[in-house]
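S.K.: The structure's right below; bear with me while I get my questions together.
The values are calculated or read from the model by the stated rules, or taken from the named source; none is laboratory data. Just so it is clear, the model here is predicted, and its values are computed rather than measured. Glycine also receives a Cβ, built like all others from the backbone with ideal geometry; neighbour counts cover every protein chain displayed. The area values use the complete protein model at the heavy-atom level, side chains included, leaving out ligands, DNA and RNA. Shrake-Rupley method; radii C 1.70, N 1.55, O 1.52, S 1.80 Å.
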Amino acid sequence: MKAKDLAFMALFIVLITVGTFTTIPLPLCPINLQPFFVVLAGLFLGGKRGAFSVLGYVLLGLAGVPVFTYGGGISYVLQPTFGFMLGYILAAYIIGSVSSSGKTTVLRFTMAGLCGLAAIYAIGVAYYLLISKFYLQSETGIWTMLGSLLLPLPKDMVMCIPAAILAKRLLPIIRSTQDKTKIEENKNA
């Protein structure tokens, strides 16, 4: 990987961290921008680099840096919501892979984001239910938990649209800048 790739990956680690603590208060379900930046990581960085960027965020939190909603540290794996962090890694990979396998359209980017959300929620909800029932021995019913866990899904689905529009507009600019840089590097070599 080049230094430029590492810089973009670090930028998305910062953006995901900022998104973790950026909440737009709404009744019933506030909007957290963390999934939005995970979708953008996949769209802008591609599958592998996007996944590595999100993995960097998760490892940073597990190392003890308080980048997660409730802090950080290795014990965070016992938090019921940690499964969503694992889902973010797979989601960035899926989003990057789906979005780069055809024409760069808002529809393709939106569909890639929705595929990533499916991974986030599949892993996150399963992990949440397992930790809640077997580790925390929660008495709350599965259907009640599912209802509360799936409450943010519609707003996350809607957030895929502005992420797709942003990627559609900015990716050509970023790519043309990268192409110009490559031409200059070849001239100087």
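S.K.: Could you check which residue among Gly71, Gly87, Gly124 shows the biggest mean-square fluctuation in a GNM of the chain with a 10 Å Cα cutoff?
M.R.: With Cα springs under 10 Å in the chain, the top fluctuation among Gly71, Gly87, Gly124 is at Gly71.
S.K.: Counting only heavy atoms of the protein chains, get the accessible area per residue of the chain (1.4 Å probe) and round it to a whole Å² value.
M.R.: 54 Å²
S.K.: Looking at region 71-147, which trypsin sites (Lys or Arg not before Pro) are DSSP coil and have at most 15 other C-beta atoms within 10 Å of their C-beta? Write down the numbers at each step before the final one.
M.R.: Details: sites: Lys103, Arg108, Lys133; in loops: Lys103.
Hits after loop and neighbour filter: Lys103.
S.K.: Something else: Helix hunt in the chain: which complete DSSP H runs extend at least 18 Å axially by C-alpha with mean Kyte-Doolittle at least 0.5? Walk me through the numbers before you get to the answer.
M.R.: Values: long enough: 3-20 (26 Å, 1.81); 47-62 (22 Å, 1.01); 82-99 (26 Å, 1.72); 106-130 (36 Å, 1.69); 153-188 (50 Å, -0.18).
Membrane-span-like by this criterion, though nothing is claimed about a membrane: 3-20, 47-62, 82-99, 106-130.
S.K.: What is the Cα centroid distance between region 73-90 and region 100-126, reported in whole angstrom?
M.R.: Taking the Cα centre of region 100-126 as reference, the centre of region 73-90 is 20 Å away.
S.K.: So which trypsin sites (Lys or Arg not before Pro) in region 1-70 end up in coil per DSSP with only 13 or fewer other C-beta atoms within 10 Å? Walk me through the numbers before you get to the answer.
M.R.: Details: sites: Lys2, Lys4, Lys48, Arg49; in loops: Lys2.
Listed in order of number, the matching sites are Lys2.
S.K.: Pick out, from Leu55, Ile89, Phe44, the residue whose Cα sits farthest towards the positive end of the charge dipole of the chain, with +1 on the Cβ of Lys and Arg and -1 on the Cβ of Asp and Glu.
M.R.: It is Phe44, whose Cα lies furthest towards the positive end.
S.K.: Taking all protein chains in place and a 1.4 Å probe, what share, in percent, of the accessible surface of the chain do carbon and sulfur account for?
M.R.: Values: 7220 of 10220 Å².
In the chain, the share of accessible area belonging to carbon and sulfur is 71 percent.
S.K.: Here is a follow-up. Which residues make up the longest stretch of the chain clear of chymotrypsin sites (Phe, Trp or Tyr not before Pro) that lie in a DSSP loop with no more than 13 other Cβ atoms within 10 Å, not counting the sites? Please report the intermediate quantities before stating the final value.
M.R.: On the way: sites that count: Phe21, Tyr70.
The longest such stretch corresponds to 71-189.
S.K.: Which whole-number percent gives the relative contact order of region 89-157, counting Cα pairs below 8 Å spaced six or more residues apart? The partial results should precede the final answer.
M.R.: Working: 38 pairs, mean separation 20.9, N = 69.
It rounds to 30 percent for region 89-157.
S.K.: Computed from the mean reciprocal separation of all distinct C-alpha pairs, what Kirkwood hydrodynamic radius does the chain have, in Å?
M.R.: On the way: mean 1/r = 0.0578 Å⁻¹.
After inverting the pairwise mean of 1/r, the radius is 17.3 Å.
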